[in-house]
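Attaching a single structure in structure tokens format; questions to follow.
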């Protein structure tokens, strides 16, 4: 079931990865970035592999930042509500589809970018925005590369049965 928090999180992700006439390339990339964002313990482990010099920016224990758990699907972690969330963002004029080689990407509209900037500047979304910055600097990779990274470094995710909650 899509939530307003899920819409906001996906909007912030798409906006961060689609600045300056670019787009976030495909649902696989979106899902893997969202997985790392929603599950800080996995993001912390991923940073230790890709950027060991990177300091973990959050104080306190790592907590899963999720309103709904993701499931193990064909290409790794997935949220069945993505179709509804993206549809709502398209319908509200906040995100648009962008043709890319081999598929479709997502880009925030001017209205979506303004809303993302407003959200990012608020205290409830500050931690999320901080983690999105880490993702942008360290995991701006193709969806296929991110999928392989998840499979290679998180065996508990790769070994989960299809449809199993993560």
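Select from the range 83-96 the residues that are modelled with pLDDT of 95 or more and more than 12 Å from residue 7 (Cβ to Cβ) and write down the one among them that is surrounded by the most Cβ atoms within 10 Å (Cβ to Cβ).
Going through the qualifying residues, I end up with 96.
Residue 68 is checked against (1) surrounded by fewer than 23 Cβ atoms within 10 Å (Cβ to Cβ); (2) closer than 17 Å to residue 147 by Cβ; (3) modelled with pLDDT under 90 and fails just one. What number does that condition carry?
Of everything listed in (1) surrounded by fewer than 23 Cβ atoms within 10 Å (Cβ to Cβ); (2) closer than 17 Å to residue 147 by Cβ; (3) modelled with pLDDT under 90, residue 68 misses just condition (2).
Continuing with the same structure: Quick check: is even one residue across the range 7-21 modelled with pLDDT under 95 and under 16 Å from the mean Cα position of the chain (by Cα)?
Yes: one or more hits.
Let me ask something additional. Could you tell me which numbered condition residue 118 fails, if it satisfies all but one of (1) in a helix (DSSP H, G or I); (2) touching a residue at least 24 places away in the same chain (Cβ under 8 Å); (3) surrounded by fewer than 17 Cβ atoms within 10 Å (Cβ to Cβ)?
(2)
Let me ask something additional. If only one of 149, 106 is surrounded by 12 or more Cβ atoms within 10 Å (Cβ to Cβ), in contact with a strand residue (DSSP E or B) (Cβ under 6 Å, 6 or more places away or on another chain) and either outside any loop (DSSP other than H, G, I, E, B) or at pLDDT 95 or above (or both), which one is it?
Only one candidate qualifies: 106.
Can you tell which of 41, 77 is under 17 Å from the mean Cα position of the chain (by Cα), under 19 Å from residue 152 (Cβ atoms), in contact (Cβ under 8 Å) with a residue 12 or more places away in the chain and in a strand (DSSP E or B)?
Within the list 41, 77, the selection yields 77.
The values are calculated or read from the model by the stated rules, or taken from the named source; none is laboratory data. Source: prediction; values computed, not measured. A quick note on method: Cβ atoms are made from the backbone with ideal geometry, for glycine too, and the neighbour counts reach across all protein chains shown.
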